[in-house]
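The values are calculated or read from the model by the stated rules, or taken from the named source; none is laboratory data. All figures in this text were calculated on a predicted structure; none of them were measured in a lab. Methodologically, a virtual Cβ is constructed for each residue, glycine included, from the backbone with ideal geometry; neighbour enumeration extends over all protein chains shown. The protein model used for the area step is the full one, side chains on, heavy atoms only, and it has no ligands, DNA or RNA in it. Shrake-Rupley method; radii C 1.70, N 1.55, O 1.52, S 1.80 Å.
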Amino acid sequence: MGPRITMKGAGPGPTVLVVEDDQETRAALVRAMVARGYHAVEAGNGTTALQYWAANRPDVVLLDLGLPDMDGLDVIRRIRRDALTPIVILSGRYEEREKVEALERGADDYVTKPFGVDELNARLRVALRRAAGPAADTSGRVVAGPLVLDATRHEVTVGDRLVDLTPREFEILRVLLEHAGRLVTKGRILRAVWGPEYQGEDSYVYVHVSQLRRKLAAADPGGSIRDLIVTEPGVGYRIGGLGAGHGRGADGL
Ligand code: CA
């Protein structure tokens, strides 16, 4: 199978490499990306995608996991060996285990088919923003709307209210904020906050995140902070504020 690379929409926007073997879906994705100002490049299999990636280093990769010539997970591994290029997965509704594995291997996020173009665009924008720079400033402060996490002082404030968090709750929030723009799996939170020997104890994460949310919401009654931590059922959590859910939009693909 020879290389199949098509260049479309040489706009000023970021270059997105669309890797998808289903031709109809791929064409729709490319059209949608071009309409939103991206420079879209398409590949119908993993080999072509990796060739293009190695030679041109696109700004972001949109990757279908089910490819004819190789496992999409291997595409992620190859890219992650050399670079932190944002990777957003296109996945089927029932591929929960694959999604988790893709995220564990370094994918940034996923969208579940069928999805809306606006939702996809929002995910890409967040992933690109994440790639553009670290979330924390040099003083160790991370800001998300009205919330400030001060890593040096071990303090979290919402507006002018100090939020009383346990060390675990503080660490969970820190991990999520440090990975803002990415979907963080429960496994990753467990490893970072509890340690590798706690693998599989997902209920710890669930209980502590619930508590963390409750405390944050209490510090900002009726405010937007209640939407800060978004649950992806069965997978993990992300810092929210995207204004786009995982439902199917009117412009669904
Ligand atoms: Ca496929």
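Among the residues of region 59-72, how many are open to solvent by 10 Å² or more (accessible area, probe 1.4 Å) and either more than 12 Å from the ligand (Cβ to nearest atom) or farther than 22 Å from residue 125 by Cβ (or both)?
Of region 59-72, the ones open to solvent by 10 Å² or more (accessible area, probe 1.4 Å) are 59, 64, 66-71.
Among the residues that remain, those that are also either more than 12 Å from the ligand (Cβ to nearest atom) or farther than 22 Å from residue 125 by Cβ (or both) are: 59, 66-71.
Result for region 59-72: 7.
So, in region 182-209, of the ones that are assigned to a helix (DSSP H, G or I) and charged (D, E, K, R), which residue ends up most open to solvent (accessible area, probe 1.4 Å)?
197
Being open to solvent by 20 Å² or more (accessible area, probe 1.4 Å) and either within 16 Å of the chain's Cα centre (by Cα) or within 24 Å of residue 210 (Cα to Cα) (or both) is true for just one of 93, 78, 105. Which residue is that?
On the way: 93 fails: either within 16 Å of the chain's Cα centre (by Cα) or within 24 Å of residue 210 (Cα to Cα) (or both); 78 fails: either within 16 Å of the chain's Cα centre (by Cα) or within 24 Å of residue 210 (Cα to Cα) (or both).
None of the other options fit; the residue is 105.
Residue 166 is checked against (1) under 17 Å from residue 185 (Cβ atoms); (2) among the β-branched types (Val, Ile, Thr); (3) out of contact with any strand residue (DSSP E or B) (no Cβ under 7 Å at 6 or more places or on another chain) and fails just one. What number does that condition carry?
Every listed condition holds for residue 166 apart from (1).
Among the listed residues 131, 107, 122, which satisfies the condition of being touching a Leu at 6+ places or on another chain (Cβ under 8 Å), closer than 18 Å to residue 240 by Cα and within 16 Å of the ligand (Cβ to nearest atom)?
None of the other options fit; the residue is 107.
Could you check, for region 136-147, whether at least one of its residues is modelled with pLDDT of 90 or more and within 16 Å of the ligand (Cβ to nearest atom)?
Taking every residue of region 136-147 in turn, none turns out to be modelled with pLDDT of 90 or more and within 16 Å of the ligand (Cβ to nearest atom).
Within region 34-49, is there a residue that is within 16 Å of the ligand (Cβ to nearest atom), surrounded by fewer than 16 Cβ atoms within 10 Å (Cβ to Cβ) and in contact (Cβ under 8 Å) with a residue 40 or more places away in the chain?
Within region 34-49 (the criterion being within 16 Å of the ligand (Cβ to nearest atom), surrounded by fewer than 16 Cβ atoms within 10 Å (Cβ to Cβ) and in contact (Cβ under 8 Å) with a residue 40 or more places away in the chain), the answer is no, since none of the residues qualifies.
For region 141-148, check the following and say yes or no: at least one residue is buried (at least 18 other Cβ atoms within 10 Å of the Cβ) and part of a loop (DSSP other than H, G, I, E, B).
no
Is it the case, given these coordinates, that residue 160 is within 16 Å of the ligand (Cβ to nearest atom) and open to solvent by 10 Å² or more (accessible area, probe 1.4 Å)?
When the stated conditions are applied, residue 160 does not pass them.
The conditions are (1) part of a helix (DSSP H, G or I); (2) away from the ligand (no atom under 16 Å from the Cβ); (3) touching a residue at least 12 places away in the same chain (Cβ under 8 Å), and residue 81 fails exactly one of them. Which is it?
(3)
Just one of 213, 191, 182 is over 30 Å from residue 85 (Cα atoms) and not assigned by TED's automatic domain parsing to the domain that holds residue 118; which is it?
When all the criteria are applied, what remains is 213.
Would you pick out the residues in region 14-33 that are away from the ligand (no atom under 16 Å from the Cβ), over 16 Å from residue 86 (Cβ atoms) and hydrophobic (A, V, I, L, M, F, W, C)?
The one that is away from the ligand (no atom under 16 Å from the Cβ), over 16 Å from residue 86 (Cβ atoms) and hydrophobic (A, V, I, L, M, F, W, C): 32.
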